[in-house]
1. Residue under question is Pro203, and the condition is that it be open to solvent by 20 Å² or more (accessible area, probe 1.4 Å), at pLDDT 95 or above and not hydroxyl-bearing (Ser, Thr, Tyr); does it hold?
2. Out of curiosity, is Arg138 closer than 14 Å to Ile83 by Cβ, of a type in the set (D, E, K, R) and either over 15 Å from the mean Cα position of the chain (by Cα) or modelled with pLDDT of 95 or more (or both)?
3. Could you list, in sequence order, all residues of region 1-29 that are within 30 Å of Asp80 (Cβ to Cβ) and in a loop (DSSP other than H, G, I, E, B)?
4. Look at region 206-240 and say how many of its residues are of a type in the set (Phe, Trp, Tyr) and either open to solvent by 60 Å² or more (accessible area, probe 1.4 Å) or touching a Cys at 6+ places or on another chain (Cβ under 8 Å) (or both).
5. Looking at region 241-250, is at least one residue loosely packed, with under 15 Cβ neighbours inside 10 Å and not in a helix (DSSP H, G or I)?
6. Among Ala89, Ala93, which is the only one that is crowded, with 21+ Cβ neighbours inside 10 Å, touching a Gly at 6+ places or on another chain (Cβ under 8 Å), assigned to a helix (DSSP H, G or I) and touching a residue at least 24 places away in the same chain (Cβ under 8 Å)?
7. For region 55-76, check the following and say yes or no: at least one residue is over 25 Å from Pro178 (Cα atoms), in a helix (DSSP H, G or I) and touching a residue at least 40 places away in the same chain (Cβ under 8 Å).
8. Quick one: would you say Glu219 is within 17 Å of the chain's Cα centre (by Cα) and among the acidic types (Asp, Glu)?
Amino acid sequence: MPFAPNFPVMLRTEDGIRIDAAHTPSARTDLGIVVAHGFTGSWRERPARRIVHVLSGYGGVIAFDFRGHGRSGGESTVGDQEILDVEAAVRHARVVGYSKIAVVGFSMGAAVGVRHAGLRGGVDAVVAVSGPARWYYRGTKPMRQVHWAIEQPFGRWAARVAKRTRIARGRWDPIPMPPHEAAALISPAPLLIVHGDADAFFPLEHAHQLYAGAREPKELWIEPGYGHAETAATPALIRRIGKWISSNFS
């Protein structure tokens with residue numbers, strides 16, 4: 001099945017970073033869905049395009065590449081300044097004409113979506129899929145590998161060559177508010193937390209910590225057999241997410 005047609009756009013953040021994005025219109029013209037990918041991901045990759053295609057059945061979709069990823073400018077700060085990238089996508093969705101905006105984030109994008117909604121506001125619903133609740137987690141082998149890519153010069157070189165991801169050097173200063181604390185600031189916008197019990201990156205404790213930190217309205221879906229983020233997300237799960245979003249604006 002061919003993907004829904006999209007229209008490439010170039011956004012610019014408040015701090016001047018060019019963001020590569022695309023708009024996929026929908027038959028429903030009042031609801032815009034911003035999709036935020038995971039670390040080293042891209043809206044141009046097939047898993048993300050499949051997700052956009054399914055979500056476009058529920059609203060228009062703005063998908064984008066975070067700073068330091070793909071054709072976007074700048075360097076990745078791995079969840080800190082990326083809230084400005086989401087803000088640029090949300091702003092574009094408003095300019096296009098969507099009166100209701102939902103943000104759907106995966107992994108790092110989930111953390112950024114939660115932080116953006118808590119710290120900047122201006123969105124009407126948030127979905128956090130496979131997201132971390134706190135920073136510096138190294139309890140799984142995949143996350144130890146991610147930290148190696150972020151912290152070591154050879155790791156950053158490998159990420160740039162293999163995944164077209166440019167990572168900023170140095171440590172956060174100051175350390176940004178963690179997602180589980182930002183989750184408390186999202187209400188009254190509804191928050192949906194989706195996490196798989198087969199996630200190799202972040203165990204279920206992260207989903208429970210996010211949920212505990214959030215205020216109502218909130219929901220937690222623990223998905224049996226679901227792995228991590230975009231690559232493991234089935235069309236059926238994305239349709240359920242689309243229906244959840246749509247039900248909040250019916």
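1. Details: open to solvent by 20 Å² or more (accessible area, probe 1.4 Å): yes; at pLDDT 95 or above: yes; not hydroxyl-bearing (Ser, Thr, Tyr): yes.
Yes; evaluated as a whole, the condition is true for this residue.
2. Values: closer than 14 Å to Ile83 by Cβ: no; of a type in the set (D, E, K, R): yes; either over 15 Å from the mean Cα position of the chain (by Cα) or modelled with pLDDT of 95 or more (or both): yes.
Spelling it out, it is not the case that Arg138 is closer than 14 Å to Ile83 by Cβ, of a type in the set (D, E, K, R) and either over 15 Å from the mean Cα position of the chain (by Cα) or modelled with pLDDT of 95 or more (or both).
3. First, the residues of region 1-29 that are within 30 Å of Asp80 (Cβ to Cβ): 6-24.
Once the filter is applied, which keeps residues that are within 30 Å of Asp80 (Cβ to Cβ) and in a loop (DSSP other than H, G, I, E, B), region 1-29 yields Asn6, Thr13, Glu14, Asp15, Gly16, Ile17.
4. The total comes to 1.
5. Yes, there is a match, as at least one residue in region 241-250 is loosely packed, with under 15 Cβ neighbours inside 10 Å and not in a helix (DSSP H, G or I).
6. Numbers: Ala89 fails: touching a Gly at 6+ places or on another chain (Cβ under 8 Å).
Result of the check over Ala89, Ala93: Ala93.
7. For region 55-76, residues over 25 Å from Pro178 (Cα atoms), in a helix (DSSP H, G or I) and touching a residue at least 40 places away in the same chain (Cβ under 8 Å): present.
8. For Glu219, the condition - within 17 Å of the chain's Cα centre (by Cα) and among the acidic types (Asp, Glu) - is not met.
The values are calculated or read from the model by the stated rules, or taken from the named source; none is laboratory data. This structure is a prediction, so every number in the text was calculated from the model and none was measured. All Cβ positions, glycine included, derive from the backbone under ideal geometry; neighbour counts span all protein chains shown. With ligands, DNA and RNA removed, areas are computed over all heavy atoms of the protein, side chains included. Shrake-Rupley method; radii C 1.70, N 1.55, O 1.52, S 1.80 Å.
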